[in-house]
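Undergrad: Below is a structure I'd like to ask you about.
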Amino acid sequence: MDKMKNDNAGDGLELKWWEKKKGITLEYKKKKIQGKQDRKARREQERLARERGELPDEETEEGPHKGKSRPNKRRRDSERRNAERGNYQEKAFLASDRGNLFSVSTLDDDAKKAIADFEKIVSSVYPLTSKQRALLPAQIRSLSHELTDEREDRRMGYMNETTALSAYIHYYLWWNIVRLSRVFSNLPGSYFNLKDGSVCLDIGSGPLTVPIALFLSRPELRGKKITFYCMDLSAQALQAGENIFLAVAAYLKCEAWKIVRVCSSVGGSPQIKDKADFVFSANLFNELMQAQESDRGQPPDFLAKKYTAEILKYIEKKNDDARVFISEPGVPSCGRLISCLRASFIKRNFYPVAPCPHYGACPMEGKRGGKWCNFSFSTEDAPESLRRFSRSIYIPKERAVLSFLALEKIWKGNEEESAQEKGSADTDRKLAFRVTSDPIRLPGSRTGYYACSRHGLLLAVTDNELRSGDLLELETDRIPEKRDEKSGALKFQVTPVKNDVIIEHD
């Protein structure tokens, strides 16, 4: 009877559309069905034989599970996954740790103390009355809405309002100092090749966020005679920022840089006598995209070309040591703009020093439905008084997020040498990649991280904890061509090491 049933297995069968697409034949499908039926019949015969006492129970069965119950299907699947995982780990690549973008250990003790006491420094210049301090939380929350969910309705000159400026310098300036000081202190020292007489320009300076963060994070620059042009629409914000900058310099017992306030907008009639060696911009272009009628709704690649041209107006064409730093909020629209700015500057012989570990095409362009370039770090190392104040006004910050781009000019006629020696961590023999994501849970109790490299988007699978902004380097760039089904990223196993010791972050 069973034989007749098996012989009739597959009668009236038809191939599904997906089976045809996979190339499955009707004969193969019949064999699969017949095999299932045979196994089912065999299991039934074993069950009946055990009931008649012709076969031993599972607990006393001979074989690898003698003396114990046979593993059930779930346990067998678990053992199989663990075995596969173990085999996968044996093929892991060792990756040298080249540091993180947001390590707090790179800040010197004076800077850490000044950042922790920043509210005291600000209050020494702009003290608040008891009434003003009572109104401050509501003003901060109101400004928070303007900077986030009501961003499109915000005016460009919002810092000319006394309450908005007070909220900014007593709260948001502090957080921005935390963000930028981490980035500045972890960029290569060669990137800040400023000398006595160097000229810097901060476009959209507001209350001098960039000069203050740079002064705190790069102690080797504090003794330099640097001129800093600070450009913004709000003269009130520039004046407040200069007073706070001077207070920070006095706190550190250092001579302050020369600050030149320029009340103007980017692209306006330049009021700068000197060409800049270094141009900075922090949280400016996202405001221009939404507040300027000429920019609103324009494609990001068009805006990137426009902003690139406007920045380069302030730089001498023959200056082969020119630098540009741009930072924006870590939201998709800004990540897309940063990627377009990167491509635009590369066409002008400016190449990324960070965060990119390569000069190739950006694998995180931020197009619709795709991944965008942004980085985050935990705020657990931020000043406790700042975190406590954030919680008290119901704006807790567990992590800080941003998108940024650090660029330097490549020497004309020497692009190949510059590409190997100046900015990129990549060489032909090694492969550098930058972690860009939080941990991703993968099947088999594994963890992965998206990363950027010259091979495009990577998915690094590891048992070790990595952090957004980590830069790692493989001794070889020949990794198996295995793609992640969901993202299409090149997938490989990695074990990070530092000084021949496997890394385990706290």
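The values are calculated or read from the model by the stated rules, or taken from the named source; none is laboratory data. Keep in mind it's a predicted model, so treat the numbers as computed, not measured. Here Cβ is always computed from backbone atoms with ideal geometry, including for glycine, and neighbour counts include all displayed protein chains. Accessible surface areas use protein heavy atoms only, side chains included; no ligands, DNA or RNA. Shrake-Rupley method; radii C 1.70, N 1.55, O 1.52, S 1.80 Å.
Undergrad: Can you give the Rg and Dmax of segment 425-497 based on its C-alpha atoms, in angstrom?
TA: Values for segment 425-497 (Cα only, Rg and Dmax): 11.3, 34 Å.
Undergrad: To continue, here is another question. Label segment 324-419 by shape, choosing from rounded, prolate and oblate, from the square roots a ≥ b ≥ c of the eigenvalues of the Cα gyration tensor; if a/c is under 1.5 it is rounded, and otherwise prolate applies when a/b is larger than b/c, oblate when it is not. Walk me through the numbers on the way to the answer.
TA: Numbers: a/c = 3.38, a/b = 2.07, b/c = 1.63.
Prolate, since a/c reaches 1.5 and a/b exceeds b/c.
Undergrad: A further question follows. First measure r as the distance between the Cβ atoms of residue 135 and residue 235, then evaluate 1/(1 + (r/R0)^6) with R0 = 22 Å and state the FRET efficiency to the nearest 0.05.
TA: On the way: r = 24 Å, r/R0 = 1.08.
With a Förster radius of 22 Å, E is 0.40.
Undergrad: Got a sec? What order do 273, 306, 31 fall in by accessible area at 1.4 Å, biggest, i.e. largest, first?
TA: Working: 273 185, 306 55, 31 135 Å².
Greatest to least solvent exposure: 273, 31, 306.
Undergrad: Now for a separate question. With a ≥ b ≥ c taken as the square roots of the eigenvalues of the C-alpha gyration tensor of segment 311-367, please select rounded if a/c is under 1.5 and otherwise prolate if a/b is larger than b/c or oblate if it is not? Please report the intermediate quantities before stating the final value.
TA: Working: a/c = 2.22, a/b = 1.65, b/c = 1.35.
Prolate is the answer for segment 311-367, as a/c is 1.5 or above and a/b outweighs b/c.
Undergrad: Another question, if that's okay. Say each of residue 28 and residue 264 gets a label point 7 Å from the Cα, pointing the same way as Cα to Cβ; how far apart are those two points in nm?
TA: If labels sit at residue 28 and residue 264, their model points lie 7.0 nm apart.
Undergrad: If you don't mind, another one. Using only Cα atoms, figure out Rg for segment 155-258 and give it as a multiple of 2.2 N^0.38 Å. It would help to have the intermediate numbers written out before the result.
TA: Numbers: Rg = 13.5 Å, N = 104, 2.2 N^0.38 = 12.8 Å.
Compared with the compact-globule rule of thumb, segment 155-258 sits at 1.05.
Undergrad: When 1/r is averaged over all different Cα pairs and the result inverted, which Kirkwood radius in Å belongs to segment 212-323?
TA: Details: mean 1/r = 0.0633 Å⁻¹.
Radius from the Kirkwood sum: 15.8 Å.
Undergrad: On a 23 Å Cα-Cα criterion, which of the cross-link pairs 306/347; 112/253; 306/409; 258/305; 305/367; 36/482 come out too long? Don't jump to the answer; show the numbers that get you there.
TA: Numbers: 306/347 13 Å; 112/253 15 Å; 306/409 18 Å; 258/305 31 Å; 305/367 17 Å; 36/482 32 Å.
The answer is 258/305; 36/482.
Undergrad: Rounded to the nearest 10 Å², what accessible area does residue 497 have for a 1.4 Å probe in the complete protein model?
TA: My reading of the accessible area for residue 497 is about 20 Å².
Undergrad: Please compute, for the alpha-carbon atoms of segment 260-377, the extent along each of the three principal axes and give them in descending order in Å.
TA: If we take the Cα atoms of segment 260-377, the spans are 44, 33, 28 Å.
Undergrad: Find, among the trypsin sites (Lys or Arg not before Pro) in segment 343-408, those assigned to loop by DSSP (not H, G, I, E, B) with at most 15 other beta-carbon atoms within 10 angstrom.
TA: On the way: sites: 347, 348, 367, 368, 371, 387, 388, 391, 397, 399; in loops: 348, 367, 368, 371, 397.
For trypsin sites (Lys or Arg not before Pro) across segment 343-408 that sit outside H, G, I, E and B with at most 15 neighbouring Cβ atoms in 10 Å, the list reads 367, 368, 397.
Undergrad: Need one number: nm distance between label points at residue 302 and residue 246, each 7 Å from Cα along Cα→Cβ, rounded to one decimal.
TA: Label at residue 302, label at residue 246, 4.5 nm between them.
Undergrad: Hey, another quick one. How much of residue 263 can a 1.4 Å solvent probe reach, expressed as accessible area in Å² and rounded to 10?
TA: 70
Undergrad: In addition: Would you please name the chymotrypsin sites (Phe, Trp or Tyr not before Pro) within segment 201-293 that are DSSP coil residues with at most 16 other C-beta atoms within 10 Å of their C-beta?
TA: Values: sites: 215, 228, 229, 245, 251, 257, 278, 280, 285; in loops: 257.
Loop-located and lightly packed - none at all.
Undergrad: Oh, and also: Give me the accessible area of residue 231, 1.4 Å probe, in Å² rounded to the nearest 10.
TA: Its heavy atoms expose roughly 0 Å² to the probe.
Undergrad: May I ask you to give the percent of accessible area on segment 290-413 that is carbon plus sulfur, with a probe radius of 1.4 Å? Don't skip to the answer; put the middle values down first.
TA: Values: 2840 of 5620 Å².
In segment 290-413, the share of accessible area belonging to carbon and sulfur is 51 percent.
Undergrad: If amide H atoms are built 1.01 Å from N in the plane of the peptide, which residues on other chains or at least 5 residues away come under 5 Å of the amide H of residue 457?
TA: 490
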